[in-house]
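For reference, the structure discussed in these notes is given below.
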Amino acid sequence: MSSRKAAAAPRRAAELRRLIREHDHLYHVCDAPVISDEAYDTLVRELVELEERHPELRTADSPTLRVGGPPLDALATEPHLAPMLSLDSSLKEEDARRFDARVRQALGDPEARYVVEPKLDGLSVEIVYEEGLLTRASTRGDGLRGEVVTESCRTIRSLPLRLRDARPVPARLAVRGEVILGLAAFERLNAALVEAGEEPFANPRNAAAGTIRQLDPRIARGRGLEVFCYELMAVEGASFQRHADVLDAFREWGLRVDARARAVAGIDEAVAYRERIFAQRDELPHELDGVVIKLDSLAGREEMGATSHHPRWAFAYKFESRKEVTQILEIAVSVGRTGVLTPFALLRPVDIGGATISKASLHNREEVARKDVRDGDWVRVERAGDVIPYVAERVEREDAAPRAAPFAMPPACPMCGTPVQEKGPFTFCPNRLACPAQLEGRIEHLASRHALDIAGLGERTARQLVARGLVRNLADLFALGEEDLLALEGFATLSARNLLEALDRARTTDLERFLYGLSIPDVGRRTAADLVGHFGSLDALLAAAREDLLSVDGVGPAMAAAIHEFLQEPETREVIRLMLERGVQPRGADPRPAGPLSGRTFVFTGSLDSMSRAAAQAKLEELGAEVGSSIGRKVDVVVAGPGAGSKLAKAEKLGLRIVDEAEFLRMLDEAPATTSA
Ligand code: IVH
């Protein structure tokens, strides 16, 4: 390695750290990403490789530490820098007003300024920065000592590993924040747990706590934890007068603060704020259990002090809980669009946080067995946001009647009578084409928001269309006439016309939505997008061999086989043919632009001097090439820079074409720019 190149490594490492930190901040704290996930991953990969080759370049704030350290035997505990108290709380407005009266009386002030913040329902942590560097994170524990969870917290990308120096960084800073799991991440996690035959979490809070307290920090990575910072616990080297200033400072240091935090002039505004936030509750991406009203003046806080349990200067004005105890009338089974039988509890209707709940999911038969719930049992049911309510646990009641027999899955599909089959923890109906429940599910899915988005085509309509034999496959939807719809319950001329218009609009769609809407096994939105990115057109996809599917990023052998089988089935072909014949026109999204390097796959190893990997990748893609991340026989060109490691060795072994940066740049130059014509 030339000395010039050796000197480039520390510079490049520092540059990459700066870039990654900046992009983390833009994405996770400012919600304003400026580069694609792929480009970001490329930066991280480059840094990981660079640090592998030059371990001496690793720093205590390197974003590569976010992968999570090695597993621990047990979580250590350490004392907090300041006690972590709880909050006085109530659901009642009169209690919030009483709190305000006490504050004003204690301070001898006719008016008190507050800061109001959403009360996030997660896990409270203390986060310590020394000289700007994240050195420790610990759970609340008993309030005085908590469990050290620094490594799992490092995996949270909204938590800076180093404070930004937009304002002078204090010698020491202890911040209190909430680690949460958003509802989408929670559902994703639970689906994965259920799929693996493991017990899902009862709510996002438990999921966040369970994740952060894992002994193996790598488990936290990828689960999508987030953090919001809301209190200054201790600081050396900075001083503040107001909580609002503290929050501003947090933001300048790059800490994530809830954007909905507000300074308000008195209790009336605080009460109005609570109502406003409450009204949004079901639309939010994460769980809130109330708002916190905090005295803004830090001197005032000092004056008021705390009880052993809670500060006198803050109050949690809570929302009604979304957990209630009710009785299971019966455990029934539903059949989804993929044929999976899902047990669910029919409940004695109960109001949970403003919605009447009469059903709750039980996931699969193993889950029912684990929770040991049976017909007639009393259970605690929870709901979060718009997430389907779930049975959290069975509750014992003294007055309970003798228990019913344990639940068992029916031997035949409750919808079509076909004998069921078992696969791992799942039971499914193999009658894919004719089972009415599966067809109804597929219709609803095709009509859903991220698929063809057909307004007015919901569960009830789908059920009737199938029951009356008006729709025997998805293509039949596009042959419906006004008469057909008028025969359905709940339809009149106007609603029938509206639905026909919605169907008509849905005929013009893009290929990604179309593929997602077909209910191809294992194909979610992400995979649909990847398929379109790879094949460009429906024809190309239908012509693809299983091996072609395997070369799509993120598609493994089992998935390739399932997709291939589905697309080759005569019934699938016929339905697609009919849909096209009936005017459905899925627009193939820009197939990877044909260019001078079309059909060629490049892989990078080692570093580049003249440009970032992201830029190199973008150039290649512009010229029609693909950029892969691992070495295999399909790779055409390996671009090796200084410090290339195992990839280079593997490429040599396979006899692949290996070029250095100078030659790579020549290749780029020589490829005529056909795409900008
Ligand atoms: S302030 C000493 N602010 O609510 C005051 N807490 O029920 C410390 N929480 O343990 C708490 N959002 O985990 C505060 N904006 C917020 C909060 C918040 C959620 C949690 C926190 C605390 C619990 C008390």
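The values are calculated or read from the model by the stated rules, or taken from the named source; none is laboratory data. Note that the coordinates shown come from a computational prediction; the quantities given were computed from them, not determined experimentally. Glycine also receives a Cβ, built like all others from the backbone with ideal geometry; neighbour counts cover every protein chain displayed. Just the protein is used for accessible areas: all its heavy atoms, side chains included, with ligands, DNA and RNA removed. Shrake-Rupley method; radii C 1.70, N 1.55, O 1.52, S 1.80 Å.
For the range 472-483, the candidate set comprises residues that are over 18 Å from Ala455 (Cβ atoms), among the charged types (D, E, K, R) and part of a helix (DSSP H, G or I); within that set, the residue that is most open to solvent (accessible area, probe 1.4 Å) is Glu483.
Among residues of the range 367-383 being open to solvent by 30 Å² or more (accessible area, probe 1.4 Å) and in a loop (DSSP other than H, G, I, E, B), the one that is farthest from Arg188 (Cα to Cα) is Gly376.
Residue count for the range 527-548, restricted to those that are assigned to a helix (DSSP H, G or I) and among the hydroxyl-bearing types (Ser, Thr, Tyr): 1. Scanning the range 55-94 for residues that are open to solvent by 30 Å² or more (accessible area, probe 1.4 Å), over 28 Å from Leu144 (Cα atoms) and not aliphatic (A, V, I, L, M) returns Pro55, Glu56, Arg58, Thr59, Lys92, Glu93, Glu94. Would you check if Val115 is within 16 Å of the ligand (Cβ to nearest atom) and part of a strand (DSSP E or B)? For Val115, the condition - within 16 Å of the ligand (Cβ to nearest atom) and part of a strand (DSSP E or B) - is met. Here Ser612 meets the list (1) open to solvent by 60 Å² or more (accessible area, probe 1.4 Å); (2) in contact (Cβ under 8 Å) with a residue 40 or more places away in the chain almost entirely, failing just condition (1). Annotation: of all residues in the range 307-320 being at pLDDT 95 or above and among the small types (Gly, Ala, Ser), the one that is surrounded by the most Cβ atoms within 10 Å (Cβ to Cβ) is Ala314. For the range 325-361, the set of residues classified as modelled with pLDDT under 90 and over 28 Å from Leu518 (Cβ atoms) consists of Asp351, Ile352, Gly353, Gly354, Ala355, Thr356, listed by residue number. Close Cβ contacts (under 6 Å, 6 or more residues apart or on different chains) running from residues in the range 510-523 that are open to solvent by less than 10 Å² (accessible area, probe 1.4 Å) to residues that are among the β-branched types (Val, Ile, Thr) and in a helix (DSSP H, G or I) comprise Leu511/Val532; Ile520/Ile563.
Taking the range 384-462 as the region of interest, the strands (runs of 3 or more DSSP E) fully inside it that hold 3 or more residues being surrounded by 12 or more Cβ atoms within 10 Å (Cβ to Cβ) are 390-394, 426-428. Restricting attention to the range 490-505, the residues being part of a helix (DSSP H, G or I) and either over 10 Å from Ile454 (Cβ atoms) or acidic (Asp, Glu) (or both) number 9.
Report whether or not Tyr273 is touching a residue at least 60 places away in the same chain (Cβ under 8 Å), among the aromatic types (Phe, Trp, Tyr) and not in a strand (DSSP E or B). So Tyr273 passes the test.
Selection of the range 651-672 for residues being in contact with a strand residue (DSSP E or B) (Cβ under 9 Å, 6 or more places away or on another chain), among the charged types (D, E, K, R) and open to solvent by 50 Å² or more (accessible area, probe 1.4 Å) yields Glu652, Arg657, Asp660, Glu663, Arg666. Counting only helices (runs of 4 or more DSSP H) that sit wholly inside the range 146-221, those with at least 1 residues that are buried (at least 16 other Cβ atoms within 10 Å of the Cβ) and touching a strand residue (DSSP E or B) at 6+ places or on another chain (Cβ under 6 Å) are 150-154, 204-212. Got at least one residue in the range 239-249 being basic (Lys, Arg) and in a strand (DSSP E or B)? So far as the range 239-249 goes, yes, one or more of its residues are basic (Lys, Arg) and in a strand (DSSP E or B). Considering the range 585-628, the qualifying strands (runs of 3 or more DSSP E), each wholly inside and each with 1 or more residues that are at negative phi and at pLDDT 85 or above, run over 585-587, 601-605.
Can you tell me which residue among Ser124, Ser89, Ser138 is at negative phi and at pLDDT below 95? Spell out the reasoning first.
Values: Ser124 fails: at pLDDT below 95; Ser138 fails: at pLDDT below 95.
None of the others qualify; the one that does is Ser89.
Residue pairs whose Cβ atoms lie under 6 Å apart, sitting 6 or more positions apart in sequence or on different chains, and linking a residue in the range 239-265 that is open to solvent by 20 Å² or more (accessible area, probe 1.4 Å) to a partner that is more than 16 Å from the ligand (Cβ to nearest atom) and not in a helix (DSSP H, G or I), are Glu252/Ala166; Glu252/Arg167.
Checking each residue in the range 284-320 for being acidic (Asp, Glu), touching a residue at least 60 places away in the same chain (Cβ under 8 Å) and out of contact with any Ser or Thr (no Cβ under 8 Å at 6 or more places or on another chain) picks out Glu287, Asp296, Glu303, Glu320. The residues of the range 539-557 include none that are buried (at least 18 other Cβ atoms within 10 Å of the Cβ) and touching a Pro at 6+ places or on another chain (Cβ under 9 Å). The set of residues in the range 242-284 that are within 15 Å of the ligand (Cβ to nearest atom), among the basic types (Lys, Arg) and either modelled with pLDDT of 95 or more or in contact with a helix residue (DSSP H, G or I) (Cβ under 9 Å, 6 or more places away or on another chain) (or both) comprises Arg251, Arg256, Arg260, Arg262, Arg274. If you go through the range 99-112 and keep only what is in a helix (DSSP H, G or I) and of a type outside the set (Phe, Trp, Tyr), you end up with Asp100, Ala101, Arg102, Val103, Arg104, Gln105, Ala106, Leu107. Residues that are within 28 Å of the chain's Cα centre (by Cα), open to solvent by less than 50 Å² (accessible area, probe 1.4 Å) and touching a residue at least 24 places away in the same chain (Cβ under 8 Å) do occur in the range 588-598.
So is Leu57 in contact with a Leu (Cβ under 7 Å, 6 or more places away or on another chain) and more than 16 Å from the ligand (Cβ to nearest atom) or not? Here the answer is yes, as Leu57 does meet what is asked. Among the residues of the range 69-88, is there at least one that is away from the ligand (no atom under 16 Å from the Cβ), touching a Pro at 6+ places or on another chain (Cβ under 6 Å) and either within 30 Å of Tyr27 (Cα to Cα) or not charged (D, E, K, R) (or both)? Within the range 69-88, one or more residues are away from the ligand (no atom under 16 Å from the Cβ), touching a Pro at 6+ places or on another chain (Cβ under 6 Å) and either within 30 Å of Tyr27 (Cα to Cα) or not charged (D, E, K, R) (or both). State whether one or more residues within the range 333-345 are over 21 Å from Pro200 (Cα atoms), assigned to a strand (DSSP E or B) and either without any contact (Cβ under 8 Å) to a residue 60 or more places away in the chain or within 15 Å of the ligand (Cβ to nearest atom) (or both). For the range 333-345, residues over 21 Å from Pro200 (Cα atoms), assigned to a strand (DSSP E or B) and either without any contact (Cβ under 8 Å) to a residue 60 or more places away in the chain or within 15 Å of the ligand (Cβ to nearest atom) (or both): absent. Within the range 118-142, the set of residues being in a loop (DSSP other than H, G, I, E, B) and either within 16 Å of the ligand (Cβ to nearest atom) or in contact with a Gly (Cβ under 8 Å, 6 or more places away or on another chain) (or both) comprises Asp121, Gly122, Arg140, Gly141, Asp142. The single condition among (1) open to solvent by 20 Å² or more (accessible area, probe 1.4 Å); (2) within 30 Å of Gly108 (Cα to Cα) that Lys323 does not meet is (2). Taking the range 517-526 as the range and being assigned to a helix (DSSP H, G or I) and under 14 Å from Val584 (Cβ atoms) as the test, only Gly517 passes.
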